[in-house]
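The values are calculated or read from the model by the stated rules, or taken from the named source; none is laboratory data. The shown structure was predicted, so the numbers you read here are calculated from the model rather than taken from an experiment. Here the Cβ positions follow ideal geometry from the backbone for every residue, glycine too, while neighbour counts run over all protein chains shown. Quick note on the areas: whole protein, heavy atoms, side chains included, nothing else; ligands and nucleic acids left out. Shrake-Rupley method; radii C 1.70, N 1.55, O 1.52, S 1.80 Å.
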Amino acid sequence: MRVQTLMSYWLCLSIAGLIGHVSSWAALADSDIQLGQKIYERSCVTCHGEFGKGDGPAAFYNSAYSAPRPRDFTVGNYKFRSTPSGEAPTDQDIFRVLTNGIPGYMPSFSGLSEEQRWQVTAYLKQFSPDLFRESPTVVDLPDPFIPFSLKSAQQGRSVYLEMECQACHGLDGRGTGATTLMNDLADSRGLQISSTDLTFPQSFKNGGTGQDIIRTVLTGLDGTPMPSYEAQLQGRSEDAWHLVNYVLSLSPTH
Amino acid sequence: MPGIWSIMCSPCPPPINSVGDINVGSIWKATRYAPRTPFAPLVVLAGFLLVLLSGICGWAEDGLSTISGTVRFSGAVPPPTIVNVLKDPEHCGVQVAIQPVKVHGPAGALESAIVSLEGTFPMKNFPANSDHPVVNAQCAFTPRVIGAQTGQDVEVRNQDPILHNTHIKLGKRTFLNVAQVPNGRPIIKMLKQPGHYSIKCDKHTFMEGHLVVFNHPFFSITDSSGNFHLAQVPPGTYQLQVWHETLGYLTQNLNIVAQSDLRLDLVYP
């Protein structure tokens, strides 16, 4: 009986300890969000606005009537993801954009410590909590990887045409395809946008490395007309990398 | 599924408070006089569940109603919108005529209106196991208007020999934005949120479709005779809504009593 009593005490203490431990995790997460909010209000609010609607004061002066405007986090459209179209980005996706910035538009926040960038990441997710209710699934990159070569790039040209990338990006990749020239492309706000000039990878908003390009091709850019090619390139790993290598070959520096 | 409910509820157990009247030897009697048995709480719990099920099955067997009828359009049908096609005219045609108001016959039967019920339903989890194709065919979405239920899949296909860029949004949020090359793979995605989804092709901007998703099965799309049919409707007070993509909403409050067969004639505008 005494042993049973002792065991009961031990069990109660264990459960209490476990509850305390879990509470401390939750408290840590909450404090992360609060700290992220403080950083957001200092560093991001000028463009993205107090409530994350992309309507900060600088947004008006930067691009009141033209795209791209600062992201409205409350809508839940995240362009730069490693996840399928329509899904939430991973924390790493948000962290990567914070770290790298968006060429020509958003500065890099690598000046913040790594911990601070994770805190901002935690806070940004609060603007569209329903989007982040489920854990996102990352799209697999095509395997095997095909490194850059002129031969691969030449093969990629036919994939480029088969996927009709020229409809928007043009035959020469300069973003002057028929759809672009007809001013038919619009973002989720209805603002007219142009196609990316593929001959200038420094301007690629989602990054200009081969890894970045394949991620963009497979996942698309939600909130823009750039679609996901994941299903069309499924089971065609080599063609996917040939396409990437063709895009890389359009750059004069390659 | 009345058959299944019948099996589960027949014979329905007696209420717990009538235990003393049950014949000696039944499990209820044994439970009553052997309270120290470790199974007693389980038996009582099972009894509660069975009584609860008996109530539900009573509703399921006896209470379901049917609402059916027609939706009509009265007046002059607006002319179709004529669009000059600048991309892929060799396949899409030089011009397309878009007529969302499809009216048939002298009575003015209206096709592709969605009739649904709004309200609180006794059951929450409705089975949903079929999918809904969204087909790019002849530079149009077929069907143009779709009604679906959460938990069902939408399957996007391309039957045309040209690229389509199917972009489905719920409000401003992208649900699916996919390229579809000729003979490309279909894309399947589950509908998790109710609401009104717009379907567009970013390449052929005149292409348009609508996907309306409900979290219950009480909806119907009118056929070419304007007919709709809502089956197995539980008794209750609801608002019947008719939605058409250009004509908007018609609404009517309904009080559905058990085992009724209601017929309605609904007329736009």
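Tell me which lysines have Cα within less than 26 Å of B:LYS189's Cα, excluding those fewer than 8 residues away on the same chain?
Cross-link targets: A:LYS79, A:LYS125, B:LYS124, B:LYS169, B:LYS172, B:LYS200, B:LYS203.
Over the Cα atoms of region A:119-253, each weighted equally, I'd like the Debye log10 I(q)/I(0) at q = 0.10, 0.16, 0.19 Å⁻¹, rounded to two decimals.
Normalising to I(0) and taking log10 leaves -0.37, -0.87, -1.13.
So, for region A:181-254, what is the accessible surface per residue at a probe of 1.4 Å, expressed in square angstrom?
Details: 2890 Å² over 74 residues.
With all protein chains present, region A:181-254 gives 39 Å² per residue.
What figure, in Å² to the nearest 10, do you get for the accessible area of B:THR251 with a 1.4 Å probe and non-protein molecules left out?
80
Per residue, how much accessible area does region B:99-146 have with a 1.4 Å probe, in Å²? Numbers along the way, then the final one.
Values: 2240 Å² over 48 residues.
Here the residues of region B:99-146 average 47 Å² of exposed surface.
What whole-number volume per residue, in cubic angstrom, does the convex hull of the C-alpha atoms of region B:71-268 give?
Numbers: hull volume 24.3 nm³, N = 198.
Taking only Cα atoms, region B:71-268 has a hull volume of 122 Å³ per residue.
So what are the ³J(HN,Hα) numbers for region A:191-204, from phi and the Karplus equation (6.51, -1.76, 1.60; θ = phi - 60°), rounded to whole Hz, Gly and Pro as x?
Coupling constants for region A:191-204: 7, 5, 10, 10, 8, 5, 7, 6, 7, 10, x, 4, 9, 5 Hz.
From a point 7 Å beyond the Cα of A:GLU41 in the direction of its Cβ, which residues of region A:125-148 have a backbone N at a distance under 18 Å?
Flagged as within label range: A:125-127.
Once A and B are treated as a pair rather than alone, how much accessible area drops out, both sides summed, in Å² to 100, probe 1.4 Å?
Values: alone 14480 and 14760 Å², together 26980 Å².
Interface area, both chains combined: 2300 Å², rounded to the nearest 100.
Would you mind telling me the share, in percent, of accessible area of region A:150-249 contributed by carbon and sulfur at probe 1.4 angstrom?
52
Which residues of region B:198-234 show a drop of at least 40 Å² in accessible area when all protein chains are present, compared with their chain alone (probe radius 1.4 Å, heavy atoms only, ligands and nucleic acids excluded)?
B:ASP202
Averaged over B:163-171, how many beta carbons belonging to a partner chain fall within 10 Å of each residue's beta carbon? Show your work: numbers first, answer last.
Working: counts 9, 2, 9, 1, 7, 2, 6, 2, 4.
What the average comes to for B:163-171 is 5.
Where does region A:27-127 land on the Kirkwood hydrodynamic radius, alpha-carbon pairs, in angstrom? Numbers along the way, then the final one.
Values: mean 1/r = 0.0725 Å⁻¹.
Evaluated over region A:27-127, this radius sits at 13.8 Å.
What's the carbon and sulfur percent of region B:71-268's accessible surface, probe 1.4 angstrom, rounded to a whole number? Walk me through the numbers before you get to the answer.
Values: 4570 of 8940 Å².
Of all accessible area on region B:71-268, carbon and sulfur atoms account for 51 percent.
If the cut-off is 19 Å between C-alpha atoms, which aspartates and glutamates fall inside it for B:LYS192, apart from same-chain ones fewer than 8 positions away?
A:GLU87, A:ASP130, A:GLU134, A:ASP222, B:GLU118, B:ASP131, B:ASP153, B:GLU155
Between the chain alone and the structure with every protein chain in place, find the residues of region A:50-88 that drop at least 50 Å² of accessible area; heavy atoms, 1.4 Å probe.
So the qualifying set is A:VAL75, A:SER85.
Anything losing 30 Å² or more of accessible area from the isolated chain to the full protein assembly: pick those residues out of region A:187-232, probe 1.4 Å, ligands and DNA/RNA ignored.
A:SER188, A:PRO225, A:PRO227, A:SER228, A:ALA231, A:GLN232
In Å and on Cα atoms, what radius of gyration and Dmax does chain A show?
So, for chain A, Rg and Dmax equal 22.7, 86 Å respectively.
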